[in-house]
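Here the structure comes first, spelled out in structure tokens, and everything after it is commentary.
The values are calculated or read from the model by the stated rules, or taken from the named source; none is laboratory data. The structure presented is a predicted model; accordingly, all values stated were derived computationally and were not measured. So basically every Cβ, Gly included, is an ideal-geometry build from the backbone, and we count neighbours across all protein chains shown. Accessible surface areas use protein heavy atoms only, side chains included; no ligands, DNA or RNA. Shrake-Rupley method; radii C 1.70, N 1.55, O 1.52, S 1.80 Å.
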Amino acid sequence: MSAQKNHSGPKRNGAPQAGQPRRTAVITGVTGQDGSYLAELLLAKGYEVVGVVRRTSHDSYERIGHLLDRLHIVPADLLDQHSLTAVVRDAKPHEVYNLAAQSFVPTSWTQPVLTGEFTALGVVRLLEAIRLAHPEARFYQASSSEMFGKATQTPQRESTPFYPRSPYGVAKVYGHWITVNYRESYGLYAVSGILFNHESPRRGLEFVTRKVSHGVARIVRGRMTELRLGNLDARRDWGFAGDYVDAMWRMLQRPEPVDYVIGTGEMHTVRELCEIAFGHAGLDWKQYVRVDPAFVRPAEVDLLQADAGKARQELGWRPTTSFAELVTMMVDADLERVK
Ligand code: NAP
Ligand code: GDD
């Protein structure tokens, strides 16, 4: 089938005009870090928000507890085609944000097949749900700078070739290209946001920024005496998650579907992260941090740095939070929690 334009729907420039129906957005991964910030953003813009949650034996509403009375929570799983199709068929959303994934890179080596099922094939299942049940929906895919992996140029931009270094990165490359393919094959409004690392006090405990901020808080409170980390030389472009969900929304408001790189353009090492985080609590990181080979990866991504010039120009997007502000915000939040 040749590409067809199918970009119907109301004009999207923020809050709905008087007399316009509320817009509806479906978020997969609403219980995750980004899902919680995106749900807040869309609710503030007047959207009806449908949050997709997979069934677990205990609830995972830690990050969205404060939003539950304003969200529609629906059950579905990235592994289950029918449940995804039912969500899209019933909600008939204007926008679908696919944030759900197995998102922790080290786990992708121990569970490579499951990571492929969630993070790669989950994307095509959701695209199929949209194609069959409600092709007018605009689709956002949470792509990742991990796709650049052993980067062939620095900084990385939309045209930089992919060279993934983990089963997670490989799965995200599939998710990226299947999104592009459904746009080109079926004329869906489907975009891929290539986001660099973004963090917050809601970040999962195993990711390095939160592991450090939480570690600092536990050391200060006398619950721990040392923090074991892997590669201190790794360099990342770290931003604040609250800024990045705004970029996701902006990508779905454009007249045409286009992919963008999102990041701060600044790179820092894990060592610098430790310096700022421990320093903020009045500690010398060298006295507490130990390198443990157990946290070194089979194949490392040495450095990631974004060139988000296209997003700046076309989306008017800019990060608002510096690296030092981000790290100290996370340490303060953990000091408050670990009392
Ligand atoms: P996260 O905190 O790990 O959240 C992942 C979400 O996916 C959780 O809500 C999780 O639900 C859900 N999920 C996992 N498997 C599922 C399944 N089989 N069916 C339905 N839901 C499932 O991740 P995040 O940091 O918010 O990232 C959001 C997305 O952006 C992910 O796709 C990630 O790969 C991508 N990304 C993240 C970054 C970053 O730096 N944060 C950068 C680039 C791209 P449970 O609560 O039930 O576990
Ligand atoms: N997690 C972790 N734990 N990372 C460590 C540690 C440690 O003890 N010590 C050093 N690092 C280094 C890792 O080797 C990596 O180079 C860097 O810190 C960042 O690791 P993570 O915070 O786990 O994030 P990531 O870069 O692997 O992946 C995150 O960002 C991607 C975007 O580039 C995740 O959010 C992915 O889902 C996301 O796509």
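A few points about this structure:
- When Rg and Dmax are taken over the Cα atoms of region 208-339, they come to 17.0, 54 Å.
- Apportionment of accessible area to carbon and sulfur, region 150-197, percent (1.4 Å): 53
- The length gained by stretching the chain between His82 and Asn181 to full extension, at 0.36 nm per residue less their Cα-Cα distance, is 33.5 nm.
- Karplus-derived HN-Hα couplings along region 229-234 (A = 6.51, B = -1.76, C = 1.60, θ = phi - 60°), whole Hz, x at Gly and Pro: 10, x, 6, 7, 8, 4
- Greater than 31 Å apart at Cα, pairs in Lys172/Lys310; Lys92/Lys150; Lys150/Lys310; Lys45/Lys150; Lys150/Lys286: Lys92/Lys150; Lys45/Lys150
- Value at 222 nm in deg cm²/dmol, rounded to 500, when DSSP H runs of n ≥ 4 in the chain each add -39,500 (n - 2.57): -10500 deg cm²/dmol
- Taking Lys211, Lys339 and ordering them by how much accessible surface each has at a 1.4 Å probe, largest first, produces Lys339, Lys211.
- Spacing of the two label points (7 Å from each Cα toward its C-beta) at Val291 and Ile73, in nm: 4.4
- Carbon/sulfur fraction of accessible area - region 200-339, other protein chains in place, 1.4 Å, %: 48
- Cα convex hull of the chain - mean projected area over all directions, nm²: 17.2
- Database remark: amide H of Ala142 closer than 5 angstrom to the amide H of Asn98 (H placed geometrically; neighbours at sequence offset of 5 or more, or on other chains; Pro and chain starts carry no H).
- Principal axis dimensions, region 28-88 - Cα atoms, whole angstrom, descending: 31, 25, 19
- Taking every DSSP beta bridge that has both ends in the chain, the antiparallel portion is near 5%.
- Amide H contacts of Glu48: Arg23, Thr24, Ala25, each under 5 Å away and 5 or more positions distant or on a separate chain (H built 1.01 Å from N in the peptide plane; Pro and chain starts excluded).
- Projecting the Cα atoms of Tyr61, Ala44, Leu121 onto the charge dipole of region 34-136, computed from C-beta unit charges around the Cα centre, puts Leu121 farthest toward the positive end.
- Backbone geometry of region 252-258 corresponds, through the Karplus equation with coefficients 6.51, -1.76 and 1.60 at θ = phi - 60°, to 3J(HN,Hα) couplings of 8, 9, 7, x, 10, x, 9 Hz, x marking Gly and Pro.
- Note, ³J(HN,Hα) from phi for region 158-170, Karplus 6.51, -1.76, 1.60, rounded to Hz, x at Gly and Pro: 4, 8, 5, x, 7, 8, x, 10, 8, x, 4, x, 5
- Think of the chain as having a plus end and a minus end, set by charges on the Cβ of Lys, Arg, Asp and Glu; of Gly239, Phe148, Gly187, Gly187 sits farthest toward the positive end of this dipole.
- Legend: calculated FRET efficiency, Leu114 to Leu232, from the Cβ-Cβ distance at R0 = 25 Å, rounded to 0.05, equals 0.25.
- Amide hydrogen proximity for Ile194: with H placed 1.01 Å from N in the peptide plane, the residues at 5 or more positions away or on another chain lying under 5 Å are Tyr260, Val261, Ile262.
- Charge dipole (the chain, unit charges on Cβ, about Cα centre) - positive-most of Leu283, Tyr163, Leu132: Leu132
- Pair-distance distribution of region 54-199: all C-alpha pairs, bin width 10 Å, starting at 0; shares per bin in whole percent are 11, 37, 36, 14, 1.
- Of Ser145, Ser185, Ser36, the residue with the greatest mean-square motion in the GNM of the chain, using alpha carbon springs below 10 Å, is Ser185.
- Residues of region 100-244: accessible area per residue with a 1.4 Å probe, Å²: 35
- Averaging Cα coordinates gives a centre for region 290-336 and one for region 141-193; these two points are 19 Å apart.
- Surface listing: Arg138, Arg202, Arg297 arranged by accessible area from highest to lowest gives Arg297, Arg202, Arg138, probe 1.4 Å.
- Pairwise label distance in nanometres, Thr320 with Leu283, each label 7 Å out on the Cα-Cβ vector: 3.1
- Unit charges on C-beta of K, R, D, E only; dipole of region 71-194, Debye: 260
- GNM result for the chain, Cα springs below 10 Å: residue of Thr225, Thr119, Thr264 fluctuating most strongly: Thr225
- 11 Å tail of the calculated P(r), region 128-173, as % of Cα pairs: 69
- Mean shadow area of region 27-134, taken as a quarter of the surface of its Cα convex hull (nm²): 6.8
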